[in-house]
Structure formats: C-alpha cells, structure tokens
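What follows draws every value from the coordinates through simple rules; no lab data is involved. What you see is a predicted model, and the numbers here were worked out from it, not measured in a lab. All Cβ positions, glycine included, derive from the backbone under ideal geometry; neighbour counts span all protein chains shown.
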Amino acid sequence: MPVNTSEVSPVPSLFSPVSLGKIELANRIVMAPLTRVRAGSSGIPGDLMVEYYRQRASVGMIITEGTYPDHASQGYVGEPGIATDEQAAGWQRVFEAVHAEGGRIVLQIMHAGRGTHPDINGGRRILAPSAIAIDNKTFTEKGEQPYPVPEAMTTAEIRAAVEDFVAAARRAIEAGADGVEIHGANGYLLQEFLSPAANQRTDGYGGSPHNRARFVVEVVTAVAQAVGAERVGLRISPEVDLGDVFETDRDDVLATYGTLLDQLRPLGLAYLSVLHAEPGGDLVQELRRRFDGKLIVNSGPFGGQTTREQALQQIEAGHADAVAVGRALIANPDLVERWQGGHPENEPRPELFYGPGAEGYTDYPFLEAA
Ligand SMILES: Cc1cc2nc3c(=O)[nH]c(=O)nc-3n(C[C@H](O)[C@H](O)[C@H](O)COP(=O)(O)O)c2cc1C
C-alpha cells in the first residue's frame, strides 16, 4: 500500500542535529562521562586534558569525566574538581578549546559518597546516607585498600551537600560550560540515597521510595533553580550492579525512579541520561514517559562496548534522542567521522584508561593518520 510520506514523521538519524534544552547538538553521538584521572593532586585540568577534550569536540556533546564539587567528595586519585576558582579556571580552558572547535560540553558533577577513602580525599570524612561500607577495595595513594565505613550524613550535612552541588554548577556555568550533568548513577552518593540497601535511614530521606528520592530531587531542583533547568541533565543507572546499591526489586526500582522523575518532570530539564542493559525495554521506556523530556541512553557496561550498529539502531528505533558512547570515543577522537563513513576503528587500550600521561589518552590516531 502506498504510504503518504508527508504524514509520516521522519526517523531521525544518529548524525542529525538535536536540541537538549538550551544545548544544540550537531549530531546525536554524545561522549559518555569517562574518569581518566589526569588532573594530578591539584585537581586542576591542565594542557593534557585541554588537548584530550579538544580532540573529541566533533561529537554532538561531550559530557566530562566525573568532577568533585567539594574535596571530601573526591572519588579517585587524579580526579579533577570544580571545588575552587583555580579548578574552574582550568575547566574554562577546556570549555574554550571545545567551543573553538564548534563543540558542546557539559560538566559531570560527581559526589563519590561512600565510594572513596581518606587516602583519596585528603583525609577528609567519608559521608553517605547510612554507615554501611561497600564490600570491596579501591585504589588509593597508598595502594589498594578496603572501602571504609562511612558516616551517616546529618540533615545539616545533606543541606551542605546540596549547596556544594549548586556552587559547583554555578562555577561550571560561569567558566563557560554549556551545562552540567548531575551524576546520579553508578553507586555514588545520589544513587546511595535511592538504594534500599545503601540507604537505611529512618528520617525523611530514607524508607519509602518517595523518601529515598528526596535528596536527588533536592539536588537537581536546587541546581536547576541556580543555573536554569534547560542547562541541567541527570544521569541515572537503575538496576546497575555497582557500589553495592543492589537495586534488584523491579517494583521498588520503578516506584523509586518513577517518583523521582514525576517530581523532576515539571522542571523541564535539558535531558535524562539512563545507563541500562535494555534501553528499549519496559523500565527505561516507562521512565522516559515519566520524565517526558529528551533521553540519552547507554547500554555498554553490560556487554561489549557500544558499537556503531547499536547506536544507529537505538536512534532509528526511537528508543532515545541521543546515545552516550564511552570506550569507542576513548580510542577514536574522530569517531563521528568514522561511524558516518563506516571506517575502521582503533581499539581501546584499557590498561591505560587510568594512567597518568598522554599515552593511551591523546595519542590515538585520527583517520587520515591511521
Ligand atoms: C574508563 C571509564 C571511566 C568511566 N567514568 C565514568 C564517570 O566518570 N562517570 C560516569 O557516569 N560513568 C563513567 N563510566 C561509564 C561510562 O560513561 C559508560 O557508561 C560505559 O563506558 C559504557 O559505555 P561504552 O560501552 O560506550 O564504553 C566510565 C567508564 C569507563 C570505561
């Protein structure tokens, strides 16, 4: 039967533009946030980081590596911060370099919560919703050590953490970021509050799904009020098996993330970014309906790395508005050109993901040199 194409909305391509709030993307390939620990002990982005992000500016939007809003929230040795004006000035150089190439860049603000150690955060206190340690080890300045038992945050400390997110977001926007992404994923502080395993509080921040969602609602709302919702994204990873958050009960996951997104919907955020094994599945698509805004998906860590075919399919099937791509972009600064032309790709070198220098960071060849 002939189709009247004028009545059929065109299927967007991975290589077509899209707007996420105030941020206009030239294509739908988004660089996933990727911790690379090259900021040294100062946490100030330097020349090497400027070059790394500049190389990757042809994606529709870069989401920076997780960046700590205050020193106590630092989760990795060598992680950059946005806790001071000096760190913001370092980021300003990164943002300017990306903008000079015509790119877009948002800063991921990450509070590690209990996912850190005094030999990472400069001997500061480790704060979390409840005094329950992650049953694992982390890499510190003194080698691998078990995660410590954190201190349960007081209400005043919860308020202070919200203010730290706000101050960090303001610094990022003043330094020229196109937006900020609140890191609510991968078992760090925000997901610790959402998780019925990590959050055993008996006050208004614990217990019911609504109470467990309260802190995330407060952080995102306060940041949106401070810098404008159309410049704020949120990343979540419901059911991800990281940092002992144990979100294994689908009904509870739906209730918790559902009430979270019901409360965030009226804000009109730039985007929601969801990391989940099945972007096209019931859970993610239900959360998308509840959020009622632009969706970025990423399914990578549950199998191999995100492939061209997956990214094309996720957009063409209408599962998302954009796709976050991690490891393929570590290895291919010009990934958009490679995927558009069906060119071969460099292989990532995982042993150098967290190394200190240029090797495995800014030395992956571009197409013409490959
Ligand atoms: C080296 C490395 C560092 C990462 N750092 C972060 C991070 O800082 N923040 C975050 O939200 N996710 C982080 N992730 C998860 C990625 O954003 C992404 O979800 C994951 O790599 C899967 O996507 P891919 O298959 O395209 O690589 C990291 C992943 C890797 C491999």
quick note, the chain, DSSP beta bridge pairs, % antiparallel (nearest 5) is 20
Peptides ranked, highest mean first, by Cβ atoms within 10 Å: ranges 231-242, 207-218:
231-242, 207-218
Given the candidates Q87, A167, P365, the one whose Cα lies deepest towards the positive end of the charge dipole of the chain, counting +1 at each Lys or Arg C-beta and -1 at each Asp or Glu C-beta, is A167
With no solvent and one point per C-alpha, what does the Debye sum give as log10 I(q)/I(0) for segment 129-236 at q = 0.13, 0.15 Å⁻¹?
-0.54, -0.70
Extension gain E86-Q145, at 0.36 nm per residue separation less the Cα-Cα distance, in nm?
18.2 nm
Label model pair F15, D119: point-to-point distance (7 angstrom along the Cα→beta-carbon line) in nm is 5.0
Of all DSSP beta bridges having both residues in segment 1-146, the percent classed as antiparallel (nearest 5) is 55
If you count, for each residue, the other Cβ atoms within 10 Å and average over each peptide, how do 171-178, 341-348, 13-20 line up from highest to lowest?
171-178, 13-20, 341-348
Read phi for every residue in segment 35-52 and hand back ³J(HN,Hα) as whole Hz from Karplus 6.51 cos²θ - 1.76 cosθ + 1.60, θ = phi - 60°, with x for Gly and Pro.
5, 10, 6, 10, 9, x, 6, 7, x, 9, x, x, 4, 4, 5, 4, 5, 4
May I ask for the distance between the Cα centers of segment 194-233 and segment 168-190, given as a whole number of Å?
15
May I ask for log10 I(q)/I(0) of segment 1-109 at q = 0.10, 0.14 Å⁻¹, from a Debye sum over the Cα atoms as equal point scatterers with solvent left out?
-0.35, -0.58
Relative to the present Cα-Cα distance, how much length would full extension add between E316 and Q225 at 0.36 nm per residue of separation?
29.4 nm
For the chain, with only Lys/Arg (+1) and Asp/Glu (-1) charged at the beta-carbon, what is the dipole magnitude about the Cα centre, in debye rounded to 20?
460
Just name one of L234, G21, I315: the one whose Cα is farthest towards the positive end of the charge dipole of the chain (beta-carbon charges, Lys/Arg +1, Asp/Glu -1).
G21
Nonlocal amide H pairs with R201, under 5 Å, H built at 1.01 Å
G207
Provide Rg over Rh for segment 11-363; use the alpha carbon set for both Rg and the Kirkwood Rh (inverse mean inverse pair distance).
0.93
Charge tally in the Cβ shell below 11 Å around S41, where Lys, Arg are +1 and Asp, Glu are -1, S41 excluded:
-2
Rounded to whole Hz and in sequence order, give me ³J(HN,Hα) for segment 99-107 from the Karplus expression 6.51 cos²θ - 1.76 cosθ + 1.60, θ = phi - 60°, writing x for Gly and Pro.
5, 5, 8, x, x, 10, 8, 10, 9
Cα convex hull of segment 238-370: mean projected area in nm², to one decimal?
9.7
